[in-house]
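Below you'll find the structure, written out as C-alpha cells, and then a few comments.
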Amino acid sequence: MAIVGAGPQLGLAIARTYGTHGYDVALIARTQAKLENLAGELAAEGISAAAFPADILDRTALAQALKDAAAHFGGIDVLEYSPVGGLQTLMTTPAATEPADVQHEMDFQLYGAIAATHAVLPAMREAGAGTLLFTTGAGSVDPVPQIANVNAAAAALRNWVINLHKELDGTGVQAAHVAINVSIGTPAVPGFPTAQPEEISPAYWDLHTTKRDQAELVFSL
C-alpha cells in the first residue's frame, strides 16, 4: 500500500495495521529523513516499508513517487491519502474568506488527491481490484465557521471521492472517504473528543476488506 502524507501519527498507525496483515508499505511525504525514520521504525517491527519523498504540491513529483513505489513493490493495491497542511494555511471564517484563502487547501487536498489517484487507478482498473481511501476532518461533512476555507476544500474532496465511488461501482476498485470527528493523539481544543491513531486505523482496514460497498465512514467516539 502507499500512504500519501505519511506521518508519525495516523499514517504510521495505518502502516502498522496493513503491515501486520502482510502488506508492504510505501511512505510518501515531503521530508526524506522523516520518512526514513518511519520506515526504520516499521522495519524494526517486521514490516516492509520504504520512503519515496515528494512534495504533494508538485504533481509530477507525486506521480513519480507513486510510480517508483509501484516498481519497487510490484504494484500498489491500496492508496491512502491524508496529508496535513494546516500549518501553512491561515484559517478564515466564511464571511472573511477570499478565493486565495481556499486555493492552497484546494491544491493540497483536492488536486493532490486527484493527481495521486490518476497515478494508481489505471493499474487498479486493469487488475479489477484496488482500494482508494481519502481522509479529511469531519468539517467536510459538518463545517465549522472557524476553519471555513479548510472545510470548503475538504468538502470538495469528499464530493469527488463519493462520486468516484459511484463511478467505480462494479469494477472491483473501491473508493471511500474517511471523515475524522476527533482530535488525533492530543486534544485540539480542551474537552474535544480525542482518539489515539491506533484506535482509528482499523477503520481503514475495514473499508478495504469488509466494507467495500461503503462510500464514507465518519469516525467518532
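Quick one: pull the percent of accessible area on the stretch 158-202 belonging to carbon and sulfur, 1.4 Å probe, ligands and nucleic acids left out.
Values: 1150 of 2240 Å².
Its accessible area is 51 percent carbon and sulfur atoms.
Using a 10 angstrom cutoff on alpha carbons, build the Gaussian network for the chain and name the most mobile of 96, 155, 119. So, out of 96, 155, 119, the one fluctuating most is 96.
For the chain, relative contact order (Cα pairs under 8 Å, six or more residues apart, normalised by length) works out to 19 percent.
What is the angle, in °, between the Cα long axis of helix 112-127 and the longest principal axis of the Cα atoms in the chain? Nearest 10 is fine, range 0 to 90. Helix 112-127 sits roughly 30 degrees off the main axis of the chain.
Overall, the stretch 1-124 carries a charge dipole of about 140 debye about its Cα centre when +1 sits on the Cβ of Lys and Arg and -1 on the Cβ of Asp and Glu, all other atoms neutral.
Remark: the residue 37-residue 114 segment gains 25.0 nm on full extension, using 0.36 nm per residue and subtracting the alpha carbon distance. In this structure the amide hydrogen of residue 92, modeled in the peptide plane, comes within under 5 Å of the amide hydrogens of 148, 149, 150, none closer than 5 places in sequence on its chain.
If you run the Gaussian network model on the chain, springs between alpha carbon atoms under 10 Å, then out of 54, 175, 44 the most flexible one is 44.
Taking amide H as placed 1.01 Å from N in the peptide plane, the amide H of residue 180 sits under 5 Å from that of 136, 137, 138, 219, each at least 5 places away or on another chain. Taking the charge dipole of the chain about its Cα centre, with +1 at Lys and Arg Cβ atoms and -1 at Asp and Glu Cβ atoms, the residue from 130, 192, 43 reaching farthest to the positive side is 130. Simple point charges give the picture: +1 on the Cβ of Lys and Arg, -1 on the Cβ of Asp and Glu, and for the chain a dipole about the Cα centre of about 100 debye.
Between residue 171 and residue 64, the distance separating the two model label sites (each 7 Å from Cα on the Cα→Cβ line) works out to 2.7 nm. Calculated mean residue ellipticity at 222 nm for the chain: -13000 deg cm²/dmol, from DSSP H runs with n ≥ 4 weighted as -39500 (n - 2.57), summed, divided by the residue count and rounded to 500.
Take the chain with all the other protein chains still there, run a 1.4 Å probe, and you get 46 Å² of accessible area per residue. Under 20 Å of direct C-alpha separation, and excluding same-chain neighbours fewer than eight residues apart, residue 166 reaches these lysines: 211. The value of relative contact order for the stretch 1-121, using C-alpha pairs under 8 Å at least six residues apart, is 27 percent.
Whose amide H sits under 5 Å from the amide H of residue 7, counting only residues 5 or more places off or on another chain, with H placed in the peptide plane? Amide H neighbours of residue 7, under 5 Å, 5+ apart: 12.
Can you tell me the FRET efficiency between residue 103 and residue 162 if r is taken as the Cβ-Cβ distance and R0 is 35 Å, rounded to the nearest 0.05? Before the final figure, lay out the partial values.
Details: r = 23 Å, r/R0 = 0.65.
Result of the calculation: an efficiency of 0.95.
Placing R0 at 41 angstrom, the Cβ-Cβ distance between residue 44 and residue 212 gives a FRET efficiency of 0.80 after rounding to 0.05.
Per the 1.4 Å probe, what fraction of the accessible area of the stretch 1-102, in percent, lies on carbon and sulfur atoms?
Numbers: 2630 of 4890 Å².
Looking at the stretch 1-102 in its full context, I get 54 percent from C and S.
Our summary of shape: the Cα atoms of the stretch 1-109 have principal axis extents of 50, 26, 24 Å, ordered from largest down, in whole angstrom.
The values are calculated or read from the model by the stated rules, or taken from the named source; none is laboratory data. Computed from a predicted structure; not experimentally measured. Cβ coordinates were reconstructed from backbone atoms using ideal geometry, including for glycine residues, and neighbour counts include every protein chain displayed. Just so you know, the surface numbers come from the protein's heavy atoms only, side chains and all, with ligands and any DNA or RNA stripped out. Shrake-Rupley method; radii C 1.70, N 1.55, O 1.52, S 1.80 Å.
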